[in-house]
Structure formats: C-alpha cells, structure tokens
Amino acid sequence: MATTSRDRTSLAALELLVATDSHGSISAAARALGVAQPTASAGLRALERRLGLDLLERTTRGARLTETGRATAAWAREVIEASDRFETSVVALRDAPAARVRVAASLTVAEYLAPRWLARLALEGPAGGGAPDVELVVRNSREVTELVLGGEVELGFVESATLRRGLRSRTVAHDRLVVVVGPGHRWARRSALRVDELLTGGLVVRERGSGTRETLERGLAAVGERLPDHLPYLGSTAALKTAVQHAGAVAVLSSLAVADDVARGALVRVAVPGLELERRLRMVWKDGAALSPGARRIAAAAAAASG
C-alpha cells in the first residue's frame with residue numbers, strides 16, 4: 001500500500017534520532033540541534049510510539065540507543081542525506097543559467113578575444129551573476145552572419161568589413177593585418193616589400209568568406225591590385241602559421257594572432273608600404289531580436305573591453 005504524506009515520519013524526528021546516535025546521548029543531541037533536553041526526550045518517545053519500536057534503553061544513568069535504535073538511525077541517516085542532496089540540487093537548479101547561450105565567432109575573435117571576455121565574467125563570481133553557460137561556435141565571418149540571421153546563434157563576432165542586411169552591429173576591437181614570414185625566409189631581413197612582390201612570393205591565404213581574406217582583398221583593391229587566381233588557401237590561422245614557419249610560405253594575418261610568435265622570433269613581420277590593412281572586429285545580432293540575459297551579459301563584457 002502506498003504511503004501518504006500523513007503516514008510519513010517527520011524529518012525533524014529522524015534528525016533527532018541521528019543526532020542521538022552521533023553524539024552519544026539525548027542531552028548532547030539536544031545541544032547540537034539547539035533544542036531543550038525535555039523537548040528532545042519527548043520527541044524520541046513520540047518517535048518510538050510512531051514506529052512501534054524500542055529505540056532507547058533508559059536507565060538511572062541515562063538513555064542510550066538499542067540495537068534496533070542504532071539500525072533505525074542508520075536508515076534515518078540515509079533519508080536525511082537524501083533530503084540534503086535534494087535541497088542542494090534544487091538550489092543549484094534555481095541558480096543555474098536558464099539556458100545555454102549559443103555564440104558564433106570568427107577565428108581571430110574566438111581564439112584571442114572571446115576567452116578574455118568569458119574569463120572576466122567568470123571572475124565576477126556569483127555576486128556578478130557568474131559566467132553564462134556558453135557554446136562557442138567557430139566559423140569564418142560569412143558563416144557567422146548566416147548563423148545569426150538564421151536564428152541558430154544569438155550573437156556573432158565577425159572580422160568582415162561589410163555586413164548583410166538584417167543585422168545590427170557594434171565594434172568591439174580594432175585590428176591590423178600584417179605580413180609575416182619565417183625567420184629563415186629570404187625576406188626576414190628586408191625592411192619592406194612591394195605589393196607585387198607579396199603577390200608573387202609564395203603567398204598563402206584563408207578561404208573565401210574569411211574576414212581576414214576580405215580585408216586583404218579590400219586593401220589590395222585600394223591600390224589597384226587583386227589576389228592571383230589559384231593561390232593555396234587554408235582554413236585556419238594555425239595552418240597558415242605552420243605553412244609560414246615550416247614551408248617557407250608568406251601570409252597576411254591578424255596582429256593579434258601573431259604577436260606572441262613575433263615576440264619570440266618564430267615569425268618575422270615585414271612592412272608593405274601603401275597597403276592599408278586595418279579593420280574593425282564587430283559584434284552582430286539579428287535586428288529586432290531580444291537577447292537572452294546570458295547573451296546580454298556577454299555583449300556587455302565585449303563592449304566594456306572595447307571601451
């Protein structure tokens with residue numbers, strides 16, 4: 001037969017039994033629970049009547065648990081621990097983010113900026129709301145805008161100079177592309193290159209749709225040049241750096257992405273006078289969309305970093 005709420009033994013009575021077992025006496029249990037000893041004694045007698053068991057052996061020197069009492073206390077302890085786990089889980093569920101925030105970012109932002117924003121949110125701790133539960137999707141800039149417009153992510157971060165209709169944006173950082181070669185390359189000691197030398201000197205580039213490639217193409221167009229057809233292209237910054245360091249290639253990459261490599265001598269920057277490769281890194285979201293609280297906190301962290 002199913003037990004109803006009226007038939008269940010109270011947690012307070014079970015806590016009293018467990019405390020008596022843990023502390024060795026009713027008086028010690030009463031002190032631990034902050035109740036008067038007569039109240040504790042009456043509670044244990046009521047528990048015995050409720051269960052129909054002799055839980056205590058009473059003598060002129062005091063009372064102690066019987067074997068039945070100790071066995072019952074062991075079971076009661078499991079009930080109390082389960083209740084504690086329930087309370088802890090409920091608090092965690094109440095305080096947890098309502099949902100995971102999906103964010104998409106281009107490679108440069110995902111690798112060099114987004115980790116700083118998320119770390120800053122985590123350092124705020126519970127008082128600041130804690131870091132949202134974030135799923136970061138890494139794509140090139142064109143694919144990021146498609147994900148935002150399609151409603152698959154709430155926020156996007158892109159490197160491209162142009163934006164599609166239906167998006168709103170805010171600049172979160174300024175960046176510059178730089179030409180890099182390996183330390184053993186024949187240009188490593190050159191003070192400067194001509195644009196035509198760059199285009200014919202073993203250049204490797206990102207794929208179409210990449211913000212880095214778009215910035216390079218716009219810079220070349222401004223000086224009346226274009227990328228040659230059939231240049232080797234690679235799908236990540238790391239792959240381009242490997243080609244430069246170990247295969248004698250030349251690449252045009254974000255200054256954010258190569259700063260550490262240049263500092264330790266793994267890559268060498270080479271100037272190309274007249275080739276302007278500055279760009280804005282922007283946060284984008286769908287026009288008219290209401291951002292979730294988690295997305296708004298990420299947007300605020302990115303905006304604060306840009307200020």
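What pairs come up if the first residue lies in the stretch 16-44 and is part of a loop (DSSP other than H, G, I, E, B), the second is surrounded by 15 or more Cβ atoms within 10 Å (Cβ to Cβ), and their beta carbons are under 6 Å apart, counting only those six or more places apart or on different chains?
No pair meets every condition.
All but one of (1) within 17 Å of the chain's Cα centre (by Cα); (2) farther than 20 Å from GLY166 by Cβ hold for ALA299; which doesn't?
With (1) within 17 Å of the chain's Cα centre (by Cα); (2) farther than 20 Å from GLY166 by Cβ applied to ALA299, the lone miss is (2).
Restricting the stretch 174-183 to residues that are crowded, with 16+ Cβ neighbours inside 10 Å and not hydrophobic (A, V, I, L, M, F, W, C), which is farthest from ARG213 (Cα to Cα)?
Ranking the candidates gives GLY182 first.
Please pick out the residue among THR171, THR162, THR200, THR145 that is surrounded by 16 or more Cβ atoms within 10 Å (Cβ to Cβ) and either assigned by TED's automatic domain parsing to the domain that holds GLU111 or more than 19 Å from SER254 (Cα to Cα) (or both).
THR145
Can you spot a residue in the stretch 231-251 that is of a type in the set (Ser, Thr, Tyr), out of contact with any Asp or Glu (no Cβ under 8 Å at 6 or more places or on another chain) and not in a helix (DSSP H, G or I)?
There is at least one residue in the stretch 231-251 that is of a type in the set (Ser, Thr, Tyr), out of contact with any Asp or Glu (no Cβ under 8 Å at 6 or more places or on another chain) and not in a helix (DSSP H, G or I).
State yes or no: is ARG116 under 30 Å from SER141 (Cβ atoms) and of a type in the set (D, E, K, R)?
The answer is yes for ARG116.
Quick one: in the stretch 49-101, which of the residues that are part of a loop (DSSP other than H, G, I, E, B) and β-branched (Val, Ile, Thr) is modelled with the highest pLDDT?
Among those residues, the one meeting the criterion is THR66.
Can you find a residue in the stretch 115-123 that is surrounded by fewer than 15 Cβ atoms within 10 Å (Cβ to Cβ), modelled with pLDDT under 80 and assigned by TED's automatic domain parsing to the domain that holds ARG279?
The answer is yes; a qualifying residue exists.
Can you tell me how many residues within the stretch 239-274 are surrounded by fewer than 12 Cβ atoms within 10 Å (Cβ to Cβ) and more than 23 Å from HIS174 (Cβ to Cβ)?
4
Has the stretch 158-179 got at least one residue that is more than 33 Å from the chain's Cα centre (by Cα) and of a type outside the set (D, E, K, R)?
no
Of the residues SER292, SER306, SER236, which is at pLDDT below 95, out of contact with any Pro (no Cβ under 6 Å at 6 or more places or on another chain) and not assigned by TED's automatic domain parsing to the domain that holds ALA221?
SER306
Would you pick out the residues in the stretch 262-307 that are part of a helix (DSSP H, G or I) and of a type in the set (A, V, I, L, M, F, W, C)?
VAL262, ALA263, ALA295, ILE298, ALA299, ALA300, ALA301, ALA302, ALA303, ALA304, ALA305 - these are the residues of the stretch 262-307 that are part of a helix (DSSP H, G or I) and of a type in the set (A, V, I, L, M, F, W, C).
The values are calculated or read from the model by the stated rules, or taken from the named source; none is laboratory data. Note that the structure is a prediction, hence the values are computed from the model and not measured. No Cβ is skipped: glycine too gets one built from the backbone with ideal geometry, and neighbour counts run over all protein chains shown.
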